[in-house]
Amino acid sequence: MKKLLLGLFALATVAIAVRANAQNTREKFNENWLFKLDSANDYSKNAMDAAKWQPVTLPHDWSIGLNFDSTSPSGNEGACLRGGTGLYQKEFTLPSKDKGKNIFIDFDGVYMNSTVWINGHKLGTRPYGYSSFQYDMTPYLKFGGEKNVLKVMAENHQPSSRWYSGSGIYRNVWLEKKGSVYVDNWGTYITTPEVSDAQATVSIQTRIKNSLQQATPIELKTIVYDDKGRIVKVLSQKMSVNAGTEIEKPQSFVLPHPELWSIKTPHLYKAVSQVFVHNKKQDEYTTTFGVRSFHFDVDSGFYLNHKPLKIVGVCMHHDLGALGAAINVRAMQRQLEILKSMGINGIRTSHNPPAPEWLDLCDKMGFIVIDEAFDCWEDGKNKYDYHLYFKQWHKRDLTDQVLRDRNHPSVFMWSIGNEIPEQGGGDKDTVGRRIARDLSSIVKSLDNRPITSALTEFSPKNNIIKSGALDLLGFNYHFRMLPKLAEMFPGQKIILTETTSALQSRGEYLMPSDSIRRWAGFTREKNGGTPDFTCSAYDNSSAPWASTYEETLKPLLKYPFLSGMYMWTGFDYLGEPTPYPYPARSSYFGIVDLAGFPKDAYYLFKSVCTTDTVLHIFPHWNWKPGQKIDVWAYYNNADEVELFLNGKSLGIRKKTGDDLHVQWNNIVFEPGTLKAVSRKDGKIIKTSEIKTAGKAYKLVASADRSTINADGEDLSFVKITVEDKDGNMVPHADNVIDFSLKGDGEIAGLDNGCETDLTSFSNKKWRKAFNGLALAIVKAHHKKGKLTLHISADGLQGTSVDIEMK
Ligand code: GAL
């Protein structure tokens, strides 16, 4: 009887839910969490019980606040920061009016091995720390002021990823409330099978779920908007969805004169899918998409909207420097802006699916993305990496990745794996072939974008190549073999999924500048010194398997069959500080350092890949009298550059052949002014000067944005330069800089781009400058008003910056 009554009650609430227009919401669920940590490598219940709960706001990365620790099991690959086991808890209530709705919790990513419980009921476990997932909490929730308790455990045993992963709920969490009949999670799929300037076919598939106990007649209305918010199409269809099932409905239309998505004009459309039952709206679901076509040609490379385009891309790991792995949209946007400003047009999300917001930004800003799934399959690279879970989870993880990401116009290729050990093994070993085919068929069942994999075995015997599963052969490194690739793999389309691995520390220079070190600063050690844990920022060092920037760019520009490349890496990242041991804890591979300050190579790309006029000379001009120094210049839009030292000409240089820079060797240092002038047809195009700096005298600060949103998330990045009296940056200044903030905000992080600085990122009060620069990241809280960042250092004139929160 009780059961029957409960059943009747359930039907009654369902009927009410259908009668009203459902107020569907998807809101961030990041506030008011509690957290405790056992940072041992294995979870110990006692340690966890003893730990105190701390209040936290998500996204949250517990590892970034720990001390760098040479005994951490993560090793310096994992930035010497510990993982451990973290417990999160959040209490919340739901109003009575939500009863009868379908209520979901979405996790964009938890590193790793997460288990989630609601009110003591286990919702599930997800091992892969880079997957997004959703749980249906509906049957376990309480309403009308009663308390609900959500618990999450994350176990990050190290070593797992070969880079700094971060730990915990490091991406957004969302609470979703839906009506009785609704569009499923990642339930739309929008493609544009035919595209021309005149028209495009837009095809929309919508998966609708009926949670009611009866077949339900519904109307699906899809309203399509252009990026100015104008309605370009309304599609409507009536259908019936059986009780407790889902239905997939195709709709399509011809869009005249589409505004095409491209890297320069990334136009976006929006499809709003509305589900009605008896004319009452039960759900509304928005999908952003783009209209563009592309193809790869065996001989002439990549085409976007029928026009050839060389992809000059970079690989990126997901950490945000001092902010760790905890995602922040402004911090990600800043990284992409800096990369875009030097002409980068492609991103490889190495070696895992990124935060969804990263792809939203790539859509909006115009990048050609390789969305990569895995760094290993069954054969692992680290003790606790994904190989432990691959067999059981790869299908689910890959499916979820493709379903989540397949509407992004910026996603052009799927990579099913990076440097997968199973590619080797020779003829008898069939594992690589089997898995490659399996992964490719999972992707193909969901989407038809090209599939690639980042390969290291340059041989037709490579088992992943032999599997026939790849549409596009992706190769990593071996730059000397690049010209031969077309001959080695006739009839195959080729992309360079990873190249370069050049090594540079911002502001460090090792002479002679044109002798290339394949193992960076170890040269100094060999010569009798001790390694100083820096790499030379002349483009003259790389990992032994790798190449300098210039060495890599030359064949890319020369051979049309190479559709593009993704260089390792755009930014320095936490972990993998090849070639150095502890205290090195972040990488040297970036074109831009960890704090976001460009290294000299940034200007090489800007001069080659943009039309902005560039004349960049380096190194700094503070040396010992009589020391012999090489000076380099990156320039464009000009025929020649003349260099002057204290007014005396040191000669004119012109790029010849495939040169991408010019240089003046063995200039005998004398203090003063080094000045370069670039000319075209005898007319001055640009001048650039470096002066010998005197003693450090003052701090100068500039904020990238002086007005930010008072939304609890927005950031201002403040660059601090140590200067002499006359405004010259002091090249090796390493003063301790103190920071304090007035107003309702916080210092979210301090950095300087130094790969060996062991000051914990939890220290938000002071940081040393590194080679003249430091960075403060200021975050707004929720109140409008003014923030003032005070910046001081012993013996130097201090400064302050005002930031307005709107
Ligand atoms: C590659 C690898 C990257 C990174 C890089 C360093 O082989 O794919 O993850 O380790 O080497 O050079």
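The values are calculated or read from the model by the stated rules, or taken from the named source; none is laboratory data. All values reported here derive from a predicted model rather than from experimental measurement. In this analysis, Cβ positions are derived from the backbone assuming ideal geometry, glycine residues included, and neighbour counts consider all displayed protein chains. The accessibility values were calculated without ligands, DNA or RNA, using every heavy atom of the protein model including side chains. Shrake-Rupley method; radii C 1.70, N 1.55, O 1.52, S 1.80 Å.
Annotations for the structure displayed:
- List W519, W414, W623, ordered by accessible area with a 1.4 Å probe, largest first: W519, W623, W414
- Rounded to the nearest 20, the size of the Cβ-charge dipole of the range 508-655 about its Cα centre is 300 debye, with Lys and Arg at +1 and Asp and Glu at -1.
- Cut-off 11 Å between beta-carbons: net charge of the residues surrounding V291, Lys and Arg +1, Asp and Glu -1: -4
- Summarising the label geometry, the points placed 7 Å from Cα in the beta-carbon direction at E804 and T93 lie 4.0 nm from one another.
- Computed extension length for K383-N305: 23.6 nm, one decimal, from 0.36 nm per residue of separation with the Cα-Cα distance subtracted.
- Segment Q663-L34, length gained on full extension (0.36 nm per residue, minus Cα span): 220.7 nm
- Backbone amide hydrogens, once placed in the peptide plane, bring R348 within less than 5 Å of V314, C315, M316, I370, excluding anything fewer than 5 places away on its chain.
- In this structure, E689 and S740 have a Cβ-Cβ separation that, at R0 = 30 Å, corresponds to a calculated FRET efficiency of about 0.30.
- DSSP bridge pairs, the chain: antiparallel proportion in percent, nearest 5: 85 percent
- With the charge dipole of the range 364-420 set up from +1 on Lys and Arg Cβ and -1 on Asp and Glu Cβ about the Cα centre, the Cα lying farthest toward the positive end among the listed residues Y386, I370, P409 is that of P409.
- With all protein chains modelled, accessible area of W632 [1.4 Å, Å²]: 10 Å²
- Pairs spanning more than 29 Å between alpha-carbon atoms, out of K628/K725; K648/K683; K28/K779; K142/K779: K142/K779.
- Debye, to nearest 20: dipole size of the chain, +1 on Lys, Arg Cβ, -1 on Asp, Glu Cβ: 1700 debye
- When the solvent-accessible area of the range 458-608 is split by element, carbon and sulfur atoms take up 56 percent of it, the probe being 1.4 Å.
- A DSSP coil position with no more than 14 other Cβ atoms inside 10 Å describes the following trypsin sites (Lys or Arg not before Pro) in the range 38-122: K52.
- Helix 356-365 and the longest principal axis of the Cα set of the chain meet at an angle near 60°.
- Electrostatic bookkeeping for D726 treats Lys and Arg as +1 and Asp and Glu as -1; over the other residues with beta carbon under 15 Å from its beta carbon, the sum is +1.
- 25 °C / 0.890 mPa s Stokes-Einstein diffusion coefficient of the range 415-555, Kirkwood radius on C-alpha pairs, µm²/s: 145 µm²/s
- Straight-line reach from K428: taking Cα to Cα under 24 Å and skipping same-chain neighbours fewer than 8 places apart, the lysines in range are K381, K391, K461, K466.
- Local electrostatic count, F68, Cβ distance below 15 Å [Lys/Arg +1, Asp/Glu -1]: -4
- Within the range 253-336, the trypsin sites (Lys or Arg not before Pro) that combine a DSSP coil assignment with at most 13 other C-beta atoms in a 10 angstrom radius are K264.
- Acute angle (nearest 10 degrees) that the helix 329-341 long axis makes with the longest principal axis of the chain, alpha-carbon atoms: 40 degrees
- Label-to-label distance, K628 versus T125, with points set 7 angstrom from Cα along the beta-carbon direction: 6.5 nm.
- Taking Cα atoms only, the orientation of helix 431-444 departs from the longest principal axis of the chain by about 60 degrees.
- Among beta bridges that DSSP assigns inside the range 428-572, antiparallel share in %, nearest 5: 10 percent
- Hydrodynamic radius (Kirkwood) for the range 669-742, which is based on Cα pairs only, to one decimal in Å: 15.7 Å
- Between the listed residues W664, G712, S649, the Cα displaced farthest toward the positive end of the dipole of the range 631-724, a dipole computed from Cβ unit charges relative to the Cα centre, is found at S649.
- Filter on K270/K784; K90/K742; K558/K606; K178/K444; K101/K280 - keep pairs with C-alpha separation over 23 Å: K270/K784; K90/K742; K178/K444
- Listed residue (I465, A502, P544) projecting farthest to the positive dipole end of the range 463-582, Cβ model: I465
- Label-point separation, K654 to M239 (7 Å along Cα→Cβ), nm: 6.7 nm
- Virtual paramagnetic centre 7 Å along Cα→Cβ of E640, amide N under 14 Å, in the range 680-706: 680-685
- Extension gain, D429 to H782, is 121.3 nm, computed as 0.36 nm per intervening residue step minus the present C-alpha separation.
- Computed from the Cβ-Cβ distance with R0 of 30 Å, the FRET efficiency linking D197 to V329 stands at 0.35.
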